[in-house]
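What follows is a set of notes on a single structure, which appears directly below.
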């Protein structure tokens, strides 16, 4: 047995696996550094898992099953995972951004399989740009933190006072 055969994981490709892990880690690092749910490990696993499901579904005989249905089922399943990070406290729903990030992680896993690893990594950078960019806007313009975000900030302050 030669090394090529030993390390072959067809239909998966090692460069794609590396890109999936990197793309997930890019977003996961942002989440982890900010103390948000879904850090590096979870993010990398979501992207890698989605990539794996999509690649395996492409091996299914198209006469028997439609591989594109797997995409819909993965997206639905990831929606449940995202719902698990959302909470409602005093009329304020928190964790929606983390849930949306989880959905994007799945989309990026699909990108690795269907569109290519470079596009997936670019999408991960765009997601981090959105997450940081909106925070910069919100801290620069106080009008953007009115409404639910203002209530959430007040709730966070009360929680810190109650903990003391």
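By how many degrees, 0 to 90 and rounded to 10, does the Cα axis of helix 14-33 deviate from the longest principal axis of the chain? Orientation of helix 14-33: about 10 degrees from the principal axis. Rounded if a/c is under 1.5, else prolate if a/b beats b/c, else oblate: with a ≥ b ≥ c from the C-alpha gyration tensor eigenvalues square-rooted, which is segment 1-45? Note, shape of segment 1-45 comes out prolate. Stretched out straight at 0.36 nm per residue, the stretch from residue 76 to residue 93 would grow longer than its current Cα-Cα span by 4.1 nm. Once both labels are positioned 7 Å from their Cα atoms along Cα-to-Cβ, the gap between residue 56 and residue 130 label points is 2.8 nm.
Rounded to the nearest 500, the 222 nm mean residue ellipticity of the chain from helices alone is -24000 deg cm²/dmol, with -39,500 (n - 2.57) taken per DSSP H run of at least 4 residues. Ranked by the mean number of other Cβ atoms within 10 Å of their residues, highest first, the peptides 71-81, 12-22 fall in the order 12-22, 71-81. Treating r as the C-beta distance of residue 4 and residue 142 and R0 as 41 Å, the FRET efficiency rounds to 0.10.
The reciprocal of the average 1/r between distinct C-alpha atoms defines the Kirkwood hydrodynamic radius, which for segment 13-107 equals 14.1 Å. The alpha carbons of the chain give a radius of gyration and a Dmax of 19.1, 65 Å, in that order.
A short reminder: the numbers here are calculations on the coordinates, not readings from a lab. The structure presented is a predicted model; accordingly, all values stated were derived computationally and were not measured. All Cβ positions, even for glycine, are placed from backbone atoms using ideal geometry, and neighbour counts span all protein chains on display.
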